[in-house]
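The values are calculated or read from the model by the stated rules, or taken from the named source; none is laboratory data. Predicted model only: the values in this text are computed from it and were never measured. Virtual Cβ from ideal backbone geometry, glycine too; neighbours counted across all protein chains shown. The protein model used for the area step is the full one, side chains on, heavy atoms only, and it has no ligands, DNA or RNA in it. Shrake-Rupley method; radii C 1.70, N 1.55, O 1.52, S 1.80 Å.
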Amino acid sequence: MEAAVALGALKPEMSAFKNPRFPPSYNEASWRKMLLLGVTLLLSSCLSVAQAWGGWNFQNDRVRRLEELGIQEEKNLLVLTATTLARVLNETRFLMVEFYNPLSKESQNLIKEMGKAVDIIGKENAGVLFGKVNITSEKLLEQEFAIKDIPTVKLFVEGQRQQPIDCRGVIEATALVAWLRNQIRLSIMLLTSREQTKAFISSKKLAVIGFFEDLHEGTVEFFCELVKDFPEVPFGMTEKRDIWIRYGITTDTMVVFQQGTIVHFEECEEDGHHLRDLSKIVKFFTMDLVIEYNIETVDHIYDMHIRNHILLFISKNSTEFGALVKVFESVALKFKNKLIFLIVDTDKIDNTHVLEYFQITSWDIPGVRILNLTKNMRYQMPAEEITFKNVKKFCENFLDGLAKQQLPSENIPKDWDTKPVKVLVGKNFKEVVFSHKRNAFVMFYAPWSYKCKSLLPVLEELGKKYQYHESVTIAKIDITANDIHQMFLEKYPFFKFFPAKSDLVVPYNGEYTLDAFIEFVEKEIKSQMESEEWSFEEEESDEQEELSVQDWRKIKEDL
């Protein structure tokens with residue numbers, strides 16, 4: 001299936017925020033298409049962009065983290081005490097807490113609505129947590145926060161215990177979320193001096209600042225709307241010209257800082273569609289260096305502005321999993337703003353479509369591929385070992401336009417059949433091997449494989465021996481550059497014999513020597529001839545039997 005495993009459906013690109021480093025996408029439907037065909041019914045929810053790297057199942061990691069902090073969870077809400085409240089405040093930017101009495105019906109109803117709000121926001125959103133405090137057992141907290149009405153909901157911002165924000169009169173889940181999102185929007189820090197801006201940037205692992213000529217009109221409104229979707233990211237904005245000059249800003253611009261360093265500029269234009277563009281940029285930087293590809297993360301992967309994806313196909317149960325992930329992470333550090341690094345767990349049935357699309361078999365695992373989402377071009381890493389050096393070189397060659405594309409078929413060489421060993425590609429493969437006219441002995445190889453390279457001269461000698469044979473063709477095909485039917489793929493190099501006048505395929509399992517190849521080919525030729533003789537004798541016998549019956553009838557008629 002062509003372009004079967006899609007990361008994203010064809011969606012219009014919006015270019016209100018111009019950046020020449022990231023060209024617009026022209027055709028993205030194919031990369032998303034097959035995944036949606038295969039698993040659409042399973043795409044009921046998506047992970048938040050705040051998914052933490054540290055485990056392949058966020059929920060399991062979240063549970064482990066809560067256990068480490070000594071915190072229990074009931075009906076989506078963290079059970080908070082005087083001891084655990086301080087710990088949770090250090091874990092998130094926004095903590096929404098209900099102070100309740102278990103005997104109060106209003107308290108129980110609000111607990112249910114708070115639990116629904118968690119589902120709306122997403123449990124995996126590290127920027128927002130929800131908890132509850134039982135005031136009948138936590139008297140110190142009841143006194144500290146002066147709880148008089150039951151239930152009471154308070155929002156703690158940036159880990160501060162002092163003066164939490166009261167959420168009054170809001171008792172329904174969607175209303176709670178709307179109120180929370182507005183508070184997140186209001187959390188944008190107004191930066192008024194160079195010193196304040198520098199301190200804001202240096203104190204955050206990731207920070208986003210909007211530089212606007214006017215904070216009350218124009219594109220600033222879209223920037224403020226963006227903030228609501230990223231509670232885990234601290235946002236700031238400024239209109240001070242001296243701060244603009246300090247960071248080389250000349251027009252309304254969104255700037256992303258990581259570890260105190262600028263990692264992205266995005267100039268703004270007044271356009272009602274540009275909010276999605278901004279969201280893609282921020283979403284990319286909130287994702288981790290390496291992301292697990294699955295039905296939950298696929299939409300987030302698609303939404304990022306980087307259209308070049310590098311995939312590591314590996315079983316999570318393999319002994320080399322941890323080491324190869326570290327290699328992948330190390331390379332990802334060098335290409336963070338150029339490639340998205342994905343890991344595909346080959347044990348998952350849901351990933352079967354991905355394996356089929358990239359022609360990944362058990363022999364290819366672990367393996368590395370690159371996909372250019374814009375033009376739907378695939379590339380296979382030209383090295384058998386997954387090392388930092390090899391993966392890094394693969395990325396560099398791809399970005400420099402030197403990587404060899406994995407095609408449905410290369411073009412048929414003009415001299416493909418003039419030499420002792422015929423050159424097959426996807427376009428002429430079936431025509432030659434299933435011609436029903438000649439036997440074909442074919443080597444399937446990878447051009448960069450040392451073992452394959454060492455056998456090509458042997459195949460050349462075999463080709464010379466049968467160059468003028470009346471019924472045998474010796475051929476080779478670069479399996480890494482030509483897609484053929486999945487059933488033929490094994491660990492390269494491998495060899496197959498295709499008998500004439502038959503659709504059967506005979507695998508070669510002998511030694512890789514000239515004598516062994518000759519012995520095998522001669523045996524198959526003899527078997528083919530015997531099969532033809534037996535078939536001829538059977539036909540002749542049938543004819544004779546038919547004649548004898550006719551003769552007997554004639555005798556009876558004469559009588």
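Brief remarks on what is shown
- Scanning segment 302-336 for residues being open to solvent by 30 Å² or more (accessible area, probe 1.4 Å) and assigned to a loop (DSSP other than H, G, I, E, B) gives a total of 6.
- The listed residue being closer than 25 Å to E232 by Cα and in contact (Cβ under 8 Å) with a residue 60 or more places away in the chain, out of E296, E329, E356: E296
- Failed item in (1) at pLDDT 85 or above; (2) of a type in the set (K, R); (3) outside the structural domain of A383 (by the TED database), with K316 passing the rest: (3)
- Inside segment 511-524, residues that are open to solvent by 40 Å² or more (accessible area, probe 1.4 Å), of a type outside the set (F, W, Y) and more than 23 Å from F434 (Cβ to Cβ) make up a count of 5.
- Any hit, segment 122-135, residues being part of a helix (DSSP H, G or I) and either out of contact with any helix residue (DSSP H, G or I) (no Cβ under 9 Å at 6 or more places or on another chain) or surrounded by fewer than 19 Cβ atoms within 10 Å (Cβ to Cβ) (or both): no
- Residue check, V458 surrounded by 18 or more Cβ atoms within 10 Å (Cβ to Cβ) and of a type in the set (A, V, I, L, M, F, W, C): no
- Near pairs, Cβ below 7 angstrom, 6+ apart or cross-chain, from segment 375-402 (under 13 Å from H309 (Cβ atoms) and modelled with pLDDT under 90) to any residue that is part of a helix (DSSP H, G or I) and open to solvent by less than 30 Å² (accessible area, probe 1.4 Å): N376/S30; N376/W31; Y379/F398
- Some residue of segment 382-397 being open to solvent by less than 30 Å² (accessible area, probe 1.4 Å), under 21 Å from I479 (Cβ atoms) and either charged (D, E, K, R) or part of a strand (DSSP E or B) (or both): no
- Residue in segment 315-323 that is without any contact (Cβ under 8 Å) to a residue 24 or more places away in the chain and aromatic (F, W, Y) present: yes
- None of I111, I147 is open to solvent by less than 20 Å² (accessible area, probe 1.4 Å), within 18 Å of R168 (Cα to Cα) and part of a loop (DSSP other than H, G, I, E, B) except I147.
- The residues in segment 433-455 that are of a type in the set (G, A, S), open to solvent by less than 10 Å² (accessible area, probe 1.4 Å) and either part of a helix (DSSP H, G or I) or under 24 Å from K526 (Cβ atoms) (or both) can be counted, and the count is 1.
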